[in-house]
Structure formats: C-alpha cells, structure tokens
1. Measure of size requested: the Rg and Dmax of region 245-394, with Cα atoms as the atom set and Å as the unit; please supply both.
2. Could you work out how much longer the chain between Q307 and E374 gets when fully extended? Use 0.36 nm per residue separation minus the Cα distance between them, nm to one decimal.
3. Can you give the Rg to Rh ratio of the chain, both from alpha-carbon atoms, with Rh computed by the Kirkwood formula?
4. Below 8 Å, C-alpha to C-alpha, sequence gap of six or more: please give me the relative contact order for region 296-365 in percent.
5. Once you keep just the Cα pairs under 8 angstrom separated by 6 or more residues, what percentage relative contact order results for the chain?
6. How do V160, V362 line up, fewest other C-beta atoms within 10 Å first?
7. Using a Gaussian network model of the chain with C-alpha springs under 10 Å, which one of W27, W212, W229 is most mobile by mean-square fluctuation?
8. Please work out how much length the chain gains when fully extended from R55 to S342, using 0.36 nm per residue of separation minus the C-alpha to C-alpha distance, in nm with one decimal.
Amino acid sequence: MTDDAHLMQTYARLPVAFTHGDGAWLWDAHGKRYLDALGGIAVCALGHAHPAVTRAICEQAGTLMHTSNLYQITLQQELADRLCAVAEMDRAFFCNSGAEALEAAIKLARLYGHQRNIRSPSIIVAEGSFHGRTLATLSATGNRKVQAGFEPLVQGFRRVPYDDLEAVRAVAANAGDIVAVLVEPILGEGGIKVPQDNYLKGLRELCDQRGWLLMLDEVQTGMCRTGRWFAHQHTGIKPDTMSLAKALGNGVPIGACLAYGKAAELFQPGNHATTFGGNLLACRAALAVVEIMQTENLALRAATLGQRMLNALEQALTPLPWVKAVRGKGLMLGVELDRPCSELVAAALERGLLINVTAQSVVRLLPPLILSDEEADKITSTVIDLVTDFGARQ
Ligand SMILES: *Cc1c(COP(=O)(O)O)cnc(C)c1O
C-alpha cells in the first residue's frame, strides 16, 4: 500500500490517481474514465499522450537530453526563432517553470532600472494576480494567502487594483522609482477576470510615456489558450517582456521569458542562468508543441470552441440567481457563483469530469485545445447540471 507519508503536505489532493491518458481523457487504476476539462491546469493543451509529442520526446531521449548552456544548443536556437516569430519578439531566455519565467522578467526590470540610475527600482503589480511561489514571484502575487508566513517579502513591488488605469496613473504621478508594470492579460488563478478592452492598451501608452517596461505574465493565457497565440494579441499592443510556461512543453517542464527591443539586450553573460533551462529534451518537446499548434491552427480552434462553450454556459447559467457571471476568452472559461463552491470539484470527479474551482467561487475550465465538439458539449452540459443542482440544493 503506497501513501503520502513521505511527501511534504503541500497539496490538498483529490483521492484519485491516473494511470494513463489519451487526448482529453484520463483513466484511473479502477478503469474509470474522466473527461479532462482542466488539462493539468492549462498545461496539456494538446491533450494527453499526443503521438507527435511522444515521438519527439522519445527520439530526443534516445539521442541527447542535456549538455548544459556552456555549449551551443541548436534546438534552443530553433525554439527561440519559432517563438519569436509567432510572438513578434526579439529574444528568449529558457527556464523550467512559470515562476522562473517571471523571475527572469523581474531581474530584467531591475537591471533596466539600475541602468537608468534608479537605485531602488519598483514594479507595479496587480491585486488578484498570481505569478508563482518563489520569493520574488509570491511577493509580486496579489493574494495574501500566498504570502502569509513567508515574510519578509521581496521589496520593490507596488500594488494597484487590476483593470484600473486610473490607479496606475495615480502611482505614476508620485513615484520616480517605477521601472515596469507586470500584469496577466486575464487573471487566471484570480478567477478568470477579463479586463476591459482598453486596459492593456492604456498600460502600453503609460509605459511608453514614462519609459517603463510593460511585462506580461502569459504563463496561463499564452500558447493559443485564449484564441490567439498570446492573449495580448487580441489588443494589438506589444509588451517588452512576456513570460511563458504551462502549455509550452505539454507537460515537459519548460518556461521562457521573451523580450523585445531594449529589454532583449539587457542580459549579458553572467547576469542570469539555469542548469536545466532550455535543454535539448525540453526544447524538442516545445518545438513539437509549436509545430502542432501552428499546422492545426489551434488558436482558431480555441476561439471557435471557446465561443461555443461560453454561449452554452451563458444561456443556461446566467438566469440562475446564484450565478454571478459567466466569462472568459477562448478555452479559458469561468463561472462565478455567489458563494464558495469548492465541493463542485468532488461532485464533478464523481461524474467523471475534471474541473477546478479558483478564487473560492469561480468554476474554472482550461480544457485541451484538441477537444472535439462532442467533448466540449459534454463538459458544458455536465457543468450546467452541477451548477444548477448546487444552487437548487442549498
Ligand atoms: C501557473 C502560473 C504561474 C506559475 O507557474 P509555475 O510553473 O507553477 O511556477 C505564474 N503565473 C501564472 C499566470 C500562472 O498561471
């Protein structure tokens, strides 16, 4: 009998372990099948056991996995080329997680500040944001629960409400130490909050006026999730840095910090490094992911399917008094209830559906982008049943 006696108790895990997967489906040891509407929290955008990704990883594992960044890594160069092409950015730094992809951006912002003789550079961050669990990224995160117990926090962050340009302007008016703004284009962990259309554009204008870097956390929203390669592309603006991870390797750990223009020239040899970052195995996996997303136009697929799901959820759920909002973009969807609803996760599991509840009262769906119409409809109809029953029972 195996249990978790020797695991640090960092997670409140559900009582299920999966043995294998195929596309949008997972199986447990008892042979029960689950439709995965969470995709490993926006990681498995191509679903489970995608044959082309599997082939790429196996081939690379049998050839060469790691050499270190002491040497040229052709696959890393190729991946940077491909990502910079779809993102219209200039350079990439590869790491192993979302938090590290943000650490790189934070370090870039500080270097940028010091080059401009700002001795104690600050970055504007938003309430309700989530940027990771390392000390700098938890300090940047706009959620007290993530920070509690880990003080002293890393300094140099100024917090403002999300989706509030006036608040950023107010900080700008009386702070000479600001060097950058760091936000998610849509709040993920914070409850699938889609800002007003002019938000990123307004931030871009402010950053241009003040000489600040606009740094986007696209760890969750990136890689076709919202119906474009990257969520900011809905708005027509371009960031100075963009952090990626989650879906980039479809489950093989890899993160990236992309940078444009002056931000792309800040790091010099000796400034930043990671042992595993951008190794051949991870880059090969990510190259396969980018290739599939491009040839199958999964951004468009996410947009179409997301609209179909959003329409179905809106139509059935917005009339219910306990449903506050149905929102999202592409295949990043949220249903906000008027009360905490984390028990819906277990109820869904029981019915063979994997979902998540974030910010206590928001049902979050981040299904694989390779979902069929039938699978998408099965997810929406089950969520509609669950949410309807939930309110009716209370
Ligand atoms: C998941 C996430 C992170 C952290 O990524 P890790 O790989 O867990 O370090 C950062 N930002 C956003 C928006 C995320 O969704």
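All of the numbers you see were taken from the coordinates with simple rules; none came from a lab. Quick caveat: nothing in here was measured; it's all calculated off a predicted structure. For neighbour counting, all protein chains shown are included, and Cβ atoms are generated from backbone atoms with ideal geometry for every residue, glycine included.
1. Taking only Cα atoms of region 245-394, I get Rg and Dmax of 19.3, 61 Å.
2. On the way: separation 67, 0.36 × 67 = 24.12 nm, distance 1.44 nm.
Computed gain between Q307 and E374 is 22.7 nm.
3. Details: Rg = 20.9 Å, Rh = 21.7 Å.
We get a ratio of 0.96 for the chain.
4. Values: 98 pairs, mean separation 17.4, N = 70.
After rounding, I find 25 percent.
5. Numbers: 765 pairs, mean separation 86.6, N = 394.
The normalised contact order for the chain reaches 22 percent.
6. Details: V160 20, V362 23.
So the residues, fewest neighbours to most, are V160, V362.
7. The residue with the greatest mean-square fluctuation here is W27.
8. On the way: separation 287, 0.36 × 287 = 103.32 nm, distance 3.75 nm.
Net length gain for the segment: 99.6 nm.
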